[in-house]
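Taking it in order: structure first as C-alpha cells, then the write-up.
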Amino acid sequence: MPTNYLDQPLSAYLAAAAARTPAPGGGSVTALVGALATTMASMAANFTIGSEKFNAVESQIRTDLDLLEAARRKFLDLMHRDIEAYSTVSAAYKLPKATPAEKAARDASVQSALSEAMLVPLKASKVAIDVLEVTSELAAIANPNLLSDVAVAAILAEAAVAASRVNVEVNLKSSSNPALIASTRHDLDDADRLAARLKSLALDTIRSRAR
C-alpha cells in the first residue's frame, strides 16, 4: 500500500519526492503545485471579505472561496491518487509474459493501468483551469493589497496545467489506442490555450489595477 503523505509533515513528502524512488513523482507534485495555487487565491479572498470597503463583492468572494477550498481538497486527493496510479502501472509491467496468453493478459493490464493513470493528471488539469477562472475574477475584485498573491496563484495554476500535460503525454506514449491518443491530445491543446488565456487575463487585470 503506497504511503499516504497527506498524514505526514510536508518535509517528509519533499524528501520522498527528491529521493531515488519512483513515487511521489511528477503527477503528485503537480497536484501539490495546484493546491498551492489555491492557497494564494484563498488568502487574497480572505483578506477581502469582512471589509466594508468590499461589501459589494463579498457574496461573490465567498463563492470563490468555496470553489477554491473544493479545488484544494481535490488536488490533495490527486496527490495521493497519482502515487497509487503509479503503483498499479508498475505492478502491471511486472506481470509474467512467458507465454502468449500471459503476454496478452499483461498487455491488457498495462493498457488499462495507463488509461487509469492518465485520469489523474487530466483531472488535475481541469481543476487547475477552475482555479484559473477564479483567479481571473479575483484579479478584478479582490483587495488590491493582495494582487501579487493572486498573480502567484494564476502562475502556479497555469504551471499545473502545463505539468499535467507532460504527465499525460508520458502515459500516452505507451498507449496502443489511436482514438484515445487523438482525443486526449485535443483536450490537452484546449486546456493549454484556455489556461494561457486565463492567466494572461488575470495578470493583465492585476497590472492595470496596480498602476
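The values are calculated or read from the model by the stated rules, or taken from the named source; none is laboratory data. A quick note: this is a predicted structure, and the numbers were derived from the prediction, not measured. Positions of Cβ are generated from backbone atoms using ideal geometry, with glycine treated the same way; all protein chains shown enter the neighbour counts.
Structural remarks
- Selected residue (only one of S200, S175 is in a helix (DSSP H, G or I) and of a type in the set (G, A, S)): S200
- Members of the stretch 107-128 that are closer than 21 Å to M40 by Cβ and crowded, with 20+ Cβ neighbours inside 10 Å: A124, S125, V127, A128
- The residue pairs whose first member lies in the stretch 54-65 and is over 14 Å from T38 (Cα atoms), whose second member is among the β-branched types (V, I, T) and assigned to a helix (DSSP H, G or I), and whose beta carbons are closer than 9 Å, counting only pairs six or more residues apart or on different chains, are F54/I61; F54/I141; A56/I141; V57/I141; Q60/I141.
- So P2, is it at pLDDT below 95 and either of a type in the set (A, V, I, L, M) or under 27 Å from L132 (Cα atoms) (or both): no
- Number of the exception - V33 against (1) of a type in the set (V, I, T); (2) in contact with a Leu (Cβ under 6 Å, 6 or more places away or on another chain); (3) loosely packed, with under 14 Cβ neighbours inside 10 Å: (3)
- Test: A104 is of a type outside the set (S, T, Y), loosely packed, with under 15 Cβ neighbours inside 10 Å and modelled with pLDDT under 95: yes
- Within the stretch 153-203, if we keep just the residues that are closer than 15 Å to A128 by Cα and hydroxyl-bearing (S, T, Y), the residue that is surrounded by the most Cβ atoms within 10 Å (Cβ to Cβ) turns out to be S164.
- Residues that are among the hydroxyl-bearing types (S, T, Y) and either surrounded by fewer than 17 Cβ atoms within 10 Å (Cβ to Cβ) or at pLDDT below 95 (or both), drawn from the stretch 40-78: S51, S59, T63
- Of all residues making up the stretch 1-52, the number that are in a loop (DSSP other than H, G, I, E, B) and among the polar types (S, T, N, Q): 6
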